[in-house]
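Take a look at the structure below.
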Amino acid sequence: MQADASPDDMELVRRILVGEKECFALLVERHERSVFRIVQGILGNTADTEEVLQESFLNAFTHLGGFRGEAQFRTWLIRIAINEARKKVRKYKPQLHDSIDETEEDGRNYRPRELRDWQPNPEQRMASKEVAGLMERAIQALLRGYREVFLLRDVEQLSSQQAADTLGLSLSATKTRLLRARLMVREYLSPHFRQRWHQGLLSRLKQRGE
Amino acid sequence: MIDCEQVLQELSNYLDSDVTEQLRQQIEEHIHSCGNCKVLVDTTRETLQLVAGEKVLEIPHGVSTRLLERLSVLWK
């Protein structure tokens, strides 16, 4: 049956709640990568991430009856995972408990320093794995409040409104953090991708037609 | 005309196409004549393309299997 081939998340939730518990495996298969990426991005430690991943799905299953469908299942699940990940951070780094970034909340204080253009097609100049590793280090270098917004919006491609709702932030605070996060990731990547000084000079001369 | 500071503040919204048509035009006029802002816009756009295109934070082999094993007690 066509409808049974790929039931949507709400339909799966409904079936689980009436006793077809094995349908949960389909939800896991569909969303485990998203949850993994976000939790790994927050924690930066694969062993802890795996534990949080399992706890998040267990928690979601236990509380599935409380899922009312106002949000998408995916964003509801991501919210659970973020809470589990934050608990883990507090456990290991209690000093960071309240550090969710009151510092320089306003992007106006931020000044980009790296203003040399990049070489064309950086993704073709570096092995895909290397770029991914570099990006992961750039994400880890962000303060947690910026990191969470960047992960939801730019890695998971949620809308700014969905990211705001998931993190319990206002839309304007989300956008402010997003701007700052993007600028900082760009700054981190720049030394790896920027043109050598003579390339920059040549391209400027070319632009001027000299 | 808008200045570099305004371009910086609107950079994210501009890249998300979340600005008015008028502001979009003003930003594009500015970056046409401002080398630093052009670099800033181009390299931030490239950053977003890289993060969306690369296999960032991929789930390692074995994690899915162990997850399903742990959860399978729920429906057995």
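The values are calculated or read from the model by the stated rules, or taken from the named source; none is laboratory data. Just so we're clear, the structure is a prediction, and the values are computed from it rather than from any experiment. Cβ atoms come from the backbone with ideal geometry, glycine included; neighbour counts cover every protein chain shown.
Taking the conditions (1) within 19 Å of A:R177 (Cβ to Cβ); (2) buried (at least 19 other Cβ atoms within 10 Å of the Cβ) in turn, B:N13 satisfies each one other than (2).
Okay, residues lined up against (1) at pLDDT 90 or above; (2) of a type in the set (D, E, K, R); (3) not in a helix (DSSP H, G or I):
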position	(1), (2), (3)
A:E104	no, yes, yes
A:E136	yes, yes, no
A:G145	yes, no, no
A:L158	yes, no, yes
A:L178	yes, no, no
A:S190	yes, no, no
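Filtering the stretch A:127-145 to residues that are among the hydrophobic types (A, V, I, L, M, F, W, C) and within 10 Å of another protein chain (Cβ to nearest Cβ) leaves A:V131, A:A132, A:L134, A:M135, A:A138, A:I139.
Being at the interface with another protein chain (Cβ under 7 Å from one of its Cβ atoms) and at pLDDT below 95 narrows it down to one of B:L40, B:L67, B:L50, B:L11, so name that one. It would help to see each step written out before you state the result.
Working: B:L40 fails: at pLDDT below 95; B:L67 fails: at pLDDT below 95; B:L11 fails: at pLDDT below 95.
That would be B:L50, the only listed residue that is at the interface with another protein chain (Cβ under 7 Å from one of its Cβ atoms) and at pLDDT below 95.
Among residues of the stretch A:64-77 that are assigned to a loop (DSSP other than H, G, I, E, B), those with a Cβ under 9 angstrom from a residue that is β-branched (V, I, T), sequence gap 6+ or separate chain, pair up as A:F67/A:V13; A:G69/A:V13; A:A71/A:T166. Of all residues in the stretch A:19-42, those that are more than 7 Å from chain B (Cβ to nearest Cβ) and part of a helix (DSSP H, G or I) total 11. The sole residue among A:L53, A:L58, A:L43 that is touching a Phe, Trp or Tyr at 6+ places or on another chain (Cβ under 8 Å) and at negative phi is A:L53.
Can you tell me which residue within the stretch A:43-59, out of those that are of a type in the set (A, V, I, L, M) and at the interface with chain B (Cβ under 10 Å from one of its Cβ atoms), is surrounded by the most Cβ atoms within 10 Å (Cβ to Cβ)?
Pass one, the stretch A:43-59, residues of a type in the set (A, V, I, L, M): A:43, A:47, A:52-53, A:58.
So of that shortlist, the ones also at the interface with chain B (Cβ under 10 Å from one of its Cβ atoms) come out as A:53, A:58.
Working: A:L53: 27, A:L58: 17.
Residue satisfying both the conditions and the ranking: A:L53.
Within the stretch B:29-76, the set of residues being surrounded by 12 or more Cβ atoms within 10 Å (Cβ to Cβ) and either among the acidic types (D, E) or in contact with a strand residue (DSSP E or B) (Cβ under 6 Å, 6 or more places away or on another chain) (or both) comprises B:E29, B:D42, B:T43, B:E46, B:E54, B:E58. Residues of the stretch B:15-37 that are of a type in the set (D, E, K, R) and either within 11 Å of another protein chain (Cβ to nearest Cβ) or touching a residue at least 12 places away in the same chain (Cβ under 8 Å) (or both): B:D16, B:D18, B:E29. Against the numbered list (1) of a type in the set (D, E, K, R); (2) out of contact with any helix residue (DSSP H, G or I) (no Cβ under 6 Å at 6 or more places or on another chain); (3) modelled with pLDDT of 95 or more, A:R196 comes up short only at (3). The set of residues from the stretch A:117-126 being more than 7 Å from chain B (Cβ to nearest Cβ) and at negative phi comprises A:Q119, A:P120, A:Q124, A:R125, A:M126. Filtering the stretch A:125-153 to residues that are surrounded by fewer than 21 Cβ atoms within 10 Å (Cβ to Cβ), of a type outside the set (S, T, N, Q) and under 18 Å from B:E46 (Cα atoms) leaves A:R125, A:M126, A:A127, A:K129, A:E130, A:A132, A:G133, A:L134, A:E136, A:R137.
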